[in-house]
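The values are calculated or read from the model by the stated rules, or taken from the named source; none is laboratory data. Small disclaimer: the values here were computed from a predicted structure and weren't measured. So basically every Cβ, Gly included, is an ideal-geometry build from the backbone, and we count neighbours across all protein chains shown. Only protein heavy atoms, including side chains, enter the accessible area calculation; ligands, DNA and RNA are left aside. Shrake-Rupley method; radii C 1.70, N 1.55, O 1.52, S 1.80 Å.
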Amino acid sequence: MSKYSYQNKEDVSLTDDVLKNSFLYSRISSICEISLAITMILAFTVKSIAQVPESQDPTEPKIDWVFPMGGEQGSSIKVKFEGKLLDGVYAVWAPKEGLWGKVLAVQEISVDDNYETSETKKSQKKQRVLVKLEISSKAKTGIYSLRLVSKKGVSNPVTFVVNGERIIQESSNSNRVPHQSRPVKHPVAINGAIDQPGEVNYYSVMVSSNEELLFQLFTVAETFQPTIRLYDSKGSWLSDESLLQLEFNQETEYMRTQKLELGSLRQTRHRFNKAGHYIVAIGSIYGKSDSSFVYQLKITGVDSYLRQAEWFQHDRVPKWSERKYTRKLTPTRIDDLWSRTIRIGKHESQKSHDNQLLPQSTDSLQDPENSGPPMFTDNDVTVVSDEKEPNGRQVQAVTLNLPSLVTGTIENPGDIDLYHFKLSEARSLVFEIETPNVPPSAFNPSLKVLDSEGHELINNKHRKIALTRQDPIFLIELLKQHLSDKGTCGITSLSFFESLEAKMIVKFAVGGSYYLQIGDITSQKGGSGFKYRLMVRGQIPHIGELNLEEDRVNLVLNQVKKIKVTTGLEEGFTGDVAFSLEGLPSGVRTLTATTVEPKEPIGPTTERQENFSAFVNDVIILLRADPAAPITKMPFMVKVWAQPVLNNRLGSKLLVGEMPLMVTTP
């Protein structure tokens, strides 16, 4: 996502901190406007101070970090957890089979008097929990969740990796200068930490001529921005000056940081032209450090890149993805969409959110058994396995029989692919894009819909601003209401965020011939890895992404706690959504749920919202533990389900998520 500001030579920019917090650029071209800007900054400052919570201390057991981050299959290792409210921990708990452990000790962490401040004196003390962790030889490789259990309840999850490769651990203070770099033999996984200011960990690896290696750096610390550098030792390890930094020769496609559900991955690969010793250096941007800056570095042959999806399998419930470029588009996706809704018959209709009836002629809203011949059958997907070059001109465009799933490649910079399709009458179509190999920001697919003469009708560029009553812009509106001279003082321009969306809904007012054009938005990138999948289908109103906000529930006897589910209603779905919980312990029951209506913005938050955005709603579910409910010693895994409700009919169950629940004493 990129940020644009529109300014002229007279503009005076606000401070970077204000811009970062408010996501706003103001155009200031008079003394009066400068006064307004100063008032705005003061308002932002007051608002920021007002929003700072009185205490950052948790009210439930909370793990800050775990070290080491991973272990080998079939091994027994000692693991260290640190966090708050961990006193009295008596068990370690993993929801997925293959890991179990024993608590060895719980220690209070003392604070050095030289570094103790008035704030640290007020805050809760930290604890360190030492655990002996057993990893089964049959445990599947991938990411697991570990939690600690005490009388206070169950803690938040922390990530632990089970590796198939050999594991080594960074040695304290022994590999922090280049000439003391630790020799490693690949394939290998290295557990390390950047916990000292300016610290850099060095590892040396021997490679053969023309060998290609993959480097993967995984971390879960949100504030940790790791760096990875590669050096040629030049035959001497005596000083920094003798090291020659190398540029990763595959960084255009593969040097990127991916935000994963359970952490972030920075990866690259390099082909070595000559054999010898090379040094890999791991550090942090600006030399920052923290005890939570733990990482795992994997050095493997490049063929492991093809298996990385297996390496990132984890024990969390897989989430339905509606708009991510990395979601899988397959010929069964339409069937998957139908499983998230209810088919309605020829004589039934849904109402849109503006109370307008959706047309019965929309094929995706009809049951084929109860309706006449559709324009095309949404269940029969035509698969175009590989686009043929050249296809950048209308006369070369491949004609698609809708619905279609196309696989193509932007083979070189400036390459565009063109496809042709026909509509016999007005209807709405959905365009979805997947980038299976190289995701944004390395590959930014630009999708355009053209008319029969090649004129652009719409593209997947989404322009938006953030304007809700909780945002700083609301304070600006209040200020403007109290300005005596509204004609000369005010905000004369705003900036917008623009993003390329992976899903776009287009309403065609008339039938006819149309074209689809896809390429890289910069026209400067391309290659064999720039593959895409493009699905064109009819509109199917359905339940979209379902997100469970809580990661655990510790329920005190005779008290009530709430859990929140965010529900996305896609492509005109206007039915209801029913929720149920499975696996509650004895004495715990649900109470009547409430729906939290979304806050109305004070202005337009997005352009062409109907093309890119789902209708999002929040649902609150209340849980209560009866006074006589049994106290739980270990967590119960509770599943949250959702079901579509439409025209008095109940649809199939959709798994929202899982969360551990414990009943505790006050």
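Annotations
- The calculated P(r) of region 499-654, using every Cα pair and 10 Å bins from 0, goes 8, 27, 25, 20, 13, 6, 1 in percent.
- Vicinal HN-Hα couplings computed from phi for region 530-538 (Karplus, 6.51 cos²θ - 1.76 cosθ + 1.60; Hz; Gly/Pro x): 8, 8, 9, 10, 10, 10, 10, 8, x
- For region 514-594, the Kirkwood estimate of the hydrodynamic radius, built from every pair of different alpha carbons, is 18.1 Å.
- THR632 long-range amide H proximity, modeled H, under 5 Å: VAL663
- Computed with every protein chain present, the accessible area of ASP232 is close to 10 Å² [probe 1.4 Å].
- If you model region 552-592 as an ellipsoid using its alpha carbon gyration tensor, with each semi-axis the square root of five times an eigenvalue, the axes come out at 28, 11, 9 Å, biggest first.
- Ranked by how many other beta carbons lie within 10 Å on average, peptides 98-106, 189-197 from highest: 189-197, 98-106
- The orientation-averaged shadow of the Cα convex hull for region 142-195, equal to a quarter of the hull surface, comes to 5.5 nm².
- Exposure rank, largest accessible area first [ARG229, ARG340, ARG182; 1.4 Å]: ARG229, ARG182, ARG340
- Long-range HN-HN contacts of SER428 with modeled amide H, under 5 Å: PHE508, GLN539
- In this structure GLU550 has an accessible area near 40 Å², from a 1.4 Å probe over the protein heavy atoms.
- Each of the peptides 632-640, 432-440 was scored by the mean count of other Cβ atoms within 10 Å over its residues; in descending order, highest first, they stand as 432-440, 632-640.
- Across LYS319/LYS525; LYS422/LYS653; LYS185/LYS324; LYS62/LYS185; LYS298/LYS448; LYS78/LYS298, pairs whose alpha-carbon gap is larger than 28 Å: LYS319/LYS525; LYS422/LYS653; LYS185/LYS324; LYS62/LYS185; LYS298/LYS448
- The peptide list 275-284, 646-655, put in order of mean Cβ contacts within 10 Å with the highest first, becomes 275-284, 646-655.
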